[in-house]
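Read-outs: derived from the displayed coordinates by stated rules, not from any lab. This one's a predicted model, so the numbers in the text were calculated from it and none came from an experiment. Here Cβ is always computed from backbone atoms with ideal geometry, including for glycine, and neighbour counts include all displayed protein chains.
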Amino acid sequence: MKLMSVDFLWLERLLGLQKEVFVGQGETFSQNESIDWGSYKGGGFVCQGDKNEGGIADDNLLSKGYNFSKSCFDNRDFIKILNGKDVLENDLIKEAYIKQSKASCRGVNAFTGCTVVSGDGFQELYSGCIMAVNAPDALKLLGSQTTFDETRVLGAFQYVYSDIFLHRDKAFMPWNQVAWSACNFVGSTDSKVCLTYWLNELQSGFIAAHGLLGKRCALLSKPRHMVPSLMETGARVFVTRFLRHYINAGHLTLLEDGGKIFNFEGTRKNCHLETTLRIHNPGFYWKLMTEADLGLADSYINGDFSFVDKDSGLLNLFMIFIANSDLDPSRAKVNRKRGWWSPVFFTAGIASAKYFFRHILNRNTLTQARRNISRHYDLSNDLFSLFLDETMTYSCAVFKSEDEDLKVAQMRKLSLLIEKARISKEHEVLDIGCGWGALAIETVKRTGCKFTGITLSIEQLKYAEIKVKEAGLQDRIILIHCDYRTLPKTNKYDRIISVGMIESVGHEYFEEFFECCESLLAEDGLFVLQYISVPDQHYDEHRLSPGFIKEYIFPGGCLPSLNRITTAMNSGSRLCVEHVENIGIHYHQTLRWWRKNFLDKQSEVVALGFDEKFIRTWEYYFDYCAAGFKSRTLGDYQMVFSRPGNVGAFIDPYRGFPSTDCV
């Protein structure tokens, strides 16, 4: 038997309904007799079971030709009535929610069955319909048809008065305020349970009480129904038309609060990516139209939309955009020519120019470079410790398997760098951008060399100094707070290593960076560089265009391309390339580890003073970058440089450089 189940409570919550649901049943109820569901915010629709099997119970729950409908801002996309039967005219059930909403159920009493029809003409016959309601409402629905057994069972549910305490102690509430508007279990005694619930109706009094006490009051944001303004309506038309033309690969669904759905499915069958966005605020469309990719970021950060798939929805959205970005060669060619005037929409030109000029002001002069680094790396050592591994290594790890521990993979990466640099005990090593000191400590422990690390981050310096002292390596490791350009050129180092630092140098200073490195490198020295890269053909577009990373994460940053690095090397130094390896595919796994650790520790992030917007910003950051590496749009190179004629560093002509395959 194949059954159709309608859970009104869950349905209303998903669709943001706050209207009445009218139920008509045979001759017992008229279609205008209402049951008040307005106090609930829930609902859903579940289909499960096998087709065309017999087995119908004796008691009739729903008679022939039953109807139900709902009112939701005149939205007619969800449920309609055709010949006395329910017709669902979208892919909500068939696509997005049926994947999540599986419920075990047994059918009772349906003599004629019902047919569900989706928007693409797909039809399914069900033997019956089950409505999930509270016991008193079930009795009301059944009315005079209620049997003795139904009355006995449904009437057995006991409803008792509860003790209610009005309080303002946040300790009794969940750490995540999004959960405050639901009942939350606190504890129990032998006879009672204790639940907490946020009473929105009392917010005005709550604000007044906090004002009298001189305390800050943080309230839940008011849910906004999808009633767009005239501008937002126009923006929705603009964005949906664009997406309909743009999406040629993958499947993107926009599900608005209130039930309206937009489907954009590509014709390329080799792309199986799909994601479903829940649009909570119509301002999403306006931001997307006027600010393009930065508008998308701003919308997510402010909670204007979320995803059905909490784990991979955001990542898949970026993957879909990447999959479609180069399908039209003519569009990609135009973007490369337009430079900073290359937003997705021409309507985003003003915002694009604004962000571009803001980025110019962040150029890494000696003074501004300190500010740019501080804005990210000086946020909080405690914050970084929540998602990095124990070594506090903030760069791509090297994994051997999908489920390998992050620390093990980071230690493998450190070993790879040490071996590629060919460090021995008599060497003096310089680390440009030493971070929290993991490479310094590991290198000295393994080789016994002398090590100098420099950083522009005060917080990193403090942390690294503590770790060096704990390891008892103060006599071998020197840590300095300075810019690489201010190091005395009289200092000479046998080995120079720089990991994940050149991305913060800036396009205008790449040649100067290589000039400084060569002047600090001993005659038979080696220079090992690890950096994130963009494809050569996209470099100019990347450096001239504003973007999420520049605006929200790394001000003043600029990802180089492989060609830009070799060009800067040739222009600014006598160095040459000895070894190149791209380990970028490992960065996707690294970032997913960081994201998981970060989101698992959200309560601790909040305890450090960061808010929900900050959490969503960094979740966006992790998935934004992970998509680039997973699609191999971004790379992460390890390169070894020396000078022509450097025989001293290569005494054994048969000794090659290690790679990720052999460590």
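Here is how the numbers come out for the structure above:
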| read-out | value |
| --- | --- |
| Charge tally in the Cβ shell below 14 Å around Gly155, where Lys, Arg are +1 and Asp, Glu are -1, Gly155 excluded | -1 |
| Counted charge near Tyr587, where neighbours are those whose Cβ lies closer than 10 Å (Asp, Glu -1; Lys, Arg +1) | +1 |
| Rel. contact order, % - alpha carbon contacts under 8 angstrom, at least six apart, region 487-549 | 44 |
| Separation of alpha-carbon centers, region 462-492 and region 403-422, rounded to whole Å | 22 |
| Ranked Glu232, Glu508, Glu419, criterion: other C-beta atoms within 10 Å, fewest first | Glu508, Glu419, Glu232 |
| Summed side-chain charge close to Gly656 - residues other than Gly656 whose Cβ falls under 15 Å, Lys, Arg +1, Asp, Glu -1 | -2 |
| Proxy reagent accessibility, fewest Cβ within 10 Å first, across Cys194, Cys558, Cys449 | Cys194, Cys449, Cys558 |
| Potential lengthening between Arg241 and Arg375 on full extension [0.36 nm per residue; Cα-Cα distance subtracted] | 44.4 nm |
| Relative contact order for region 233-296, counting Cα pairs under 8 Å that sit 6 or more residues apart, in percent | 34 |
| Relative exposure of Ser545, Ser385, Ser162, judged by other C-beta atoms within 10 Å (fewest first) | Ser162, Ser385, Ser545 |
| Relative contact order (%) - region 394-550, alpha-carbon pairs under 8 angstrom, separation at least six | 21 |
